[in-house]
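Novice: Structure in structure tokens, see below.
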Amino acid sequence: MPAPQGPPPGRNFSPRFLPLTPQGYVPIVSSNFDLNPIDNSYNFNYVSGDGSERHEVGVLENPGTPVEGVAVQGSYSYAAPDGTPVTLDYVADNFGYQPVGPNIHPAIIRAVQQQVAEARVGAGAPPFRNNF
């Protein structure tokens, strides 16, 4: 059975949300999501029909404190328009979003290194402070 070529009948979708591929929607081949109800950690992953995939693990840090937050580690990969494989690993924690990979511009890598260094010495707002 061929993949759908547009939005389902009877629904009004904005053109900016239509599929990005001329073949139609990219199916999710496999996916998984696990939430640990004891410590609220989670992990998820999916693989798409075009070979792209994403994996992520998150854990609650400093629960019940003013600096409570989620530390995340993950990766995603896909094929660039020219077919080149692209993979990016990342960490997001109280030191900020930290991408790692050969496809990241050197200026971004330097900015991330500076951001992490400043966070480690206490520059800026306290991490994960929720004021709402």
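Novice: Summing Lys, Arg as +1 and Asp, Glu as -1, what charge do residues with Cβ under 11 Å from the Cβ of GLU61 carry, GLU61 excluded?
Specialist: Every neighbour counted, the sum reads -3.
Novice: Are there chymotrypsin sites (Phe, Trp or Tyr not before Pro) in the stretch 62-103 that DSSP puts in a loop and that have at most 14 other Cβ atoms within 10 Å, and which ones?
Specialist: Nothing satisfies the criteria.
Novice: Still on this structure, I have one more. With each pseudo-label sitting 7 Å past Cα toward Cβ, what's the PHE95-TYR78 distance in nm, one decimal?
Specialist: 2.7 nm
Novice: Further, regarding this structure: Residue by residue, what Karplus-based ³J(HN,Hα) values in Hz, rounded to whole numbers, does the stretch 56-73 have, using 6.51, -1.76 and 1.60 with θ = phi - 60° and x for Gly and Pro?
Specialist: Once θ is set to phi - 60°, the couplings for the stretch 56-73 become 8, 10, x, 9, 7, 10, 6, x, x, 10, x, 10, 4, x, 10, 9, 10, 9 Hz.
Novice: Quick one: net charge around ALA92, please, counting Lys, Arg +1 and Asp, Glu -1 for every other residue with C-beta under 13 Å from its C-beta.
Specialist: Local charge sum for ALA92: -4.
FYI, it's all coordinate maths here, none of it is from the lab. Everything numeric in this text was worked out from a predicted model, so none of it was measured. Because the Cβ atoms are built from the backbone with ideal geometry, glycine has one as well, and the counts that use them run over all protein chains shown.
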